[in-house]
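Heads up: the structure comes next, in structure tokens.
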Amino acid sequence: MPASKRDQLLATAERLFYEQGFHATGIDRIVAAAGVVRMTLYNHFASKEALVAAVLEARHERFIASLDAAVASASPGEETRALVEAHGRWLERDSPQGCIMAKAMGEFAEHSAEIHALAAAAKTELLTRLESAVARDGLNHTSLARRLFLVLEGSNMAVTLLGAPTALADTRAVVDTLLATARSETP
């Protein structure tokens, strides 16, 4: 079944925003690449900002679904590791040039409080998922989830500089150390 025009616009806009930046990608470029007319875009999205928000929301839903699926299939006591591994797979497959939410936060910090807040909320949701996984794994170290969050956020940038294999191997090594330390401190 062919994708709807809305889905086609979302996929095209996501690709272009990710590759070229939000502000550098104009509406004309998006509609041309999607093979639709400008009015089709505005029939689905009231503005470019509404399109950006829809792209970020759709991408974040896919990201969170991939994390949740990995955690749901994890062995008991391994939810945190499963979440970290799912994050790594996402970087390899969907974010080899870094995190689109971080890009949005940077580009919209002074231009749109709504878009910035949407991207920041996505980051907060990742931290919340980490806190839950750590707790379910019985690792009640108060700062462990924040430290893991910092490592994952660092891997978002490192993948662009070091490449996925190196960045993710280093991420795993740091996570292994953090988890081993937390397990040794947990009664």
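Rule-based calculations on the coordinates, nothing more; no lab input. Worth saying up front: this structure is predicted, and the values here are computed from it rather than measured. Cβ placement follows ideal geometry from the backbone for every residue including glycine, while neighbour counts extend to all protein chains displayed.
What span do the alpha-carbon atoms of segment 51-187 cover on each of the three principal axes, reported in whole Å from largest to smallest?
Principal extents (Cα only, largest first): 48, 28, 26 Å.
Multiply the residue gap between residue 185 and residue 46 by 0.36 nm, knock off their C-alpha separation, and tell me the result in nm, one decimal place.
On the way: separation 139, 0.36 × 139 = 50.04 nm, distance 5.26 nm.
Gain on stretching residue 185 to residue 46: 44.8 nm.
Using alpha carbons only, how many angstrom separate the centre of segment 148-175 from the centre of segment 111-140?
Each part reduced to its Cα centre gives a spacing of 18 Å.
Could you give the length gained by full extension between residue 38 and residue 146, i.e. 0.36 nm per residue of separation minus their alpha carbon distance, to one decimal place? Each step should come with its number before you reach the end.
Values: separation 108, 0.36 × 108 = 38.88 nm, distance 4.33 nm.
Result: 34.6 nm gained on full extension.
Can you work out the FRET efficiency for the pair residue 69 and residue 161, with r the C-beta to C-beta distance and R0 = 35 Å, to the nearest 0.05? List each step's numbers first, then the result.
On the way: r = 29 Å, r/R0 = 0.82.
After rounding, the FRET efficiency stands at 0.75.
So for each of 116-122, 67-73 I average, over its residues, the number of other beta carbons within 10 Å; can you give me the resulting order with the highest mean first?
Working: 116-122: 17.9, 67-73: 15.3.
In decreasing order of mean packing, 116-122, 67-73 become 116-122, 67-73.
What is the set of long-range amide H partners of residue 99 at a cut-off below 5 Å, with H atoms built 1.01 Å from backbone N?
none
Give the span of segment 86-133's Cα atoms along each principal axis, as three whole-Å numbers ordered largest to smallest.
Projected onto its principal axes, the Cα set of segment 86-133 covers 32, 26, 9 Å.
Report, in whole Å, the centroid distance computed from the Cα atoms of segment 27-55 and segment 67-82.
Going from one Cα centre to the other spans 37 Å.
Send over the per residue convex hull volume for segment 1-47, Cα only, as a whole number of Å³. Please list the in-between numbers first.
On the way: hull volume 3.1 nm³, N = 47.
Measuring per residue, one finds 66 Å³ for the Cα hull of segment 1-47.
Sort the following peptides by mean Cβ neighbour count (other Cβ atoms within 10 Å, averaged over residues), highest first: 4-11, 144-151, 81-88. Kindly include the intermediate steps, with their values, before the conclusion.
Values: 4-11: 16.5, 144-151: 19.8, 81-88: 21.9.
The most tightly packed comes first, giving 81-88, 144-151, 4-11.
What does the helix-only formula give at 222 nm for the chain: each DSSP H stretch with n ≥ 4 adding -39500 (n - 2.57), the total divided by the residues, and the result rounded to the nearest 500 deg cm²/dmol?
Working: 9 runs with 146 residues, N = 187.
Computed ellipticity for the chain at 222 nm equals -26000 deg cm²/dmol.
If you take the square roots of the eigenvalues of the alpha-carbon gyration tensor of segment 1-98 and sort them as a ≥ b ≥ c, do you get rounded (a/c under 1.5), prolate (a/b over b/c) or oblate?
Working: a/c = 3.03, a/b = 2.31, b/c = 1.31.
Here segment 1-98 falls in the prolate category.
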